[in-house]
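Q: Here's a structure for you.
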Amino acid sequence: MLKLRLLQVALFAGVLAAGGAAAETVRLSASLQPSSEVPPTATKGSGAVAATYDTATRMLQWTVTYEHLTGPATAAHFHGPAPVGQNAGVQVPIPKDELTSPIKGSKELTDAQVTDLMSGKWYFNIHTKEHPSGEIRGQVMPAN
């Protein structure tokens, strides 16, 4: 009787563990604006980040679109950890040959990166020759 009860408890625990491990896709987004740069820029540039994070594969996938920059994009990155209004280091650089809008890519993230990303502590910005520190920027936030 005790063995049967232990087997039932073990099976129930396994079902709970499997249910807790279900994959989820988290949608993320950002509005890229010159006023969000630190310090703000006074340009007509704008853009958007549409991204997803897959909890099973740990992959972040993104599409970034932008327009009306003062010149060609010279760099673009995901930065963090930083709240709105603060700067931080690069977390995911975009290769220089992939800077034309739309920018598409993917990257497997570390535990620390996932924690910061899901806490709204990452931002995306695009740099130009006229604005080497960044012309447009937006905080990446979960949209689900």
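Q: Condition test on ASP116, is it under 13 Å from the mean Cα position of the chain (by Cα) and among the charged types (D, E, K, R)?
A: yes
Q: Moving on to the next point. From the list SER29, SER35, pick out the single residue that is in a helix (DSSP H, G or I), of a type outside the set (D, E, K, R) and either modelled with pLDDT of 95 or more or surrounded by 15 or more Cβ atoms within 10 Å (Cβ to Cβ) (or both).
A: The conditions single out SER35.
Q: Can you tell me which condition LEU117 does not meet? The list is (1) under 17 Å from GLU37 (Cβ atoms); (2) crowded, with 17+ Cβ neighbours inside 10 Å; (3) in contact with a Gly (Cβ under 9 Å, 6 or more places away or on another chain); (4) not polar (S, T, N, Q), and all the others hold.
A: For LEU117, the exception is condition (1).
Q: Restricting the search to region 46-56, which residues are part of a strand (DSSP E or B), surrounded by fewer than 23 Cβ atoms within 10 Å (Cβ to Cβ) and of a type in the set (A, V, I, L, M)?
A: Matches in region 46-56: ALA48, ALA50.
Q: Is there a residue in region 42-62 that is of a type in the set (Asp, Glu), under 17 Å from the mean Cα position of the chain (by Cα) and either modelled with pLDDT under 95 or within 17 Å of GLY138 (Cα to Cα) (or both)?
A: no
Q: If ILE126 satisfies every condition in (1) outside any loop (DSSP other than H, G, I, E, B); (2) out of contact with any Phe, Trp or Tyr (no Cβ under 7 Å at 6 or more places or on another chain); (3) farther than 28 Å from ALA56 by Cα but one, which is the exception?
A: Checking ILE126 against (1) outside any loop (DSSP other than H, G, I, E, B); (2) out of contact with any Phe, Trp or Tyr (no Cβ under 7 Å at 6 or more places or on another chain); (3) farther than 28 Å from ALA56 by Cα, the one that fails is (2).
The values are calculated or read from the model by the stated rules, or taken from the named source; none is laboratory data. As the structure is a computational prediction, the values presented were derived from the model and not from experiment. Quick reminder, even Gly has a Cβ in these numbers, built from the backbone with ideal geometry, and neighbours come from all protein chains shown.
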